[in-house]
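Here is the structure we will look at.
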Amino acid sequence: ANSTTTPPIMVKHVLVICSQKENYFELFKGKKVNGDDILVDQAPWVDLEAVSYDDSFLVHIKPNRNPFPYTTQGQFRTFAPHFVLLRSYALGNHEHDWRLKINAFYHHDVPCINSIDSFVWSVEKVSLYTKLKRVQKRIPSLPLIPQTYYSHPSCGSFPPDFPCVLKVGSSSQGVGKAKIFNTDQWQDMLSVLSMSREYFTTEPFIDWVSDIRVQKIGGHYRAIERVCDPTTAASMS
């Protein structure tokens, strides 16, 4: 008698690390990649832990407080993701610090979008600046705002030229930033920073018109201009 064998169904387990603002279970529902079904799991950094072995990688996810209906978010889960979609920073403005978790993904070199390298580098502005300096060495025409790094306020005996912008640690979104006009303000800031364990950097103040952000997806480039609304001091793209 002839017998037929049903080919196994191949499934790619995709982990999405993000907040609960978007439901990626719905976004990926019914989707395939290279003919394989996609099994999605979604969790914020606060809900997951990870372990990187020499030959395998596992994530452990606890139930979310507000799970999406008809999903696995209300359960404990342990699995090995084939791919990770990173949609959440690992370091916030002192609200959270998930670097120990993202380092597990980095340790195992888990396939990610954006790349795991870019996320690990982006949690420290020092790393990003070093990468830009290396690019500038290859392309001397690349304009780069000069930056000074101070490991401790005691290093600030020789102040920079004024006005300057002082930034504390790797904060983002305008947090931990001050415009310094003179030596008196500089000394005041050093006094305040002596109570902090963070490094700080300074840059020349540039009376800017707008920011230009360049996005690259594959071979597609897009430039986005960000300006400030003078009536609200809010940024608009």
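Here are some notes:
- Full-extension gain in nm, residue 103 to residue 188, via 0.36 nm per residue minus C-alpha separation: 27.0 nm
- P(r) weight above 19 Å for segment 38-128, C-alpha pairs, percent: 41 percent
- Dipole of segment 45-125, positive end: most advanced residue of 48, 105, 83 [Cβ charges, Cα centre]: 48
- Tilt relative to the chain, helix 99-108 - C-alpha long axis, 0 to 90 degrees, to 10: 50 degrees
- Between the Cα long axis of helix 125-138 and the first principal axis of the chain there is an angle of about 80°, rounded to the nearest 10.
- Value at 222 nm in deg cm²/dmol, rounded to 500, when DSSP H runs of n ≥ 4 in the chain each add -39,500 (n - 2.57): -5500 deg cm²/dmol
- Dipole magnitude of the chain about its Cα centre (Cβ charges: Lys, Arg +1; Asp, Glu -1), debye to nearest 20: 440 debye
- Between residue 224 and residue 161, the contour length at 0.36 nm per residue exceeds the Cα-Cα span by 19.6 nm.
- Computed log₁₀ I(q)/I(0) - Debye formula, equal Cα scatterers, no solvent, the chain, q 0.12, 0.14, 0.16, 0.17 Å⁻¹: -0.90, -1.11, -1.28, -1.34
- FRET efficiency for residue 75 and residue 118, using Cβ-Cβ distance with R0 set to 35 Å, rounded to 0.05: 0.65
- Hits among lysines - C-alpha to C-alpha of residue 133 under 27 Å, sequence gap 8 or more where chains match: 125, 167, 177, 179, 216
Each reported figure results from applying straightforward, stated rules to the coordinates on display, with no laboratory input. Because the structure is a prediction, the values reported are computed rather than measured. Glycine also receives a Cβ, built like all others from the backbone with ideal geometry; neighbour counts cover every protein chain displayed.
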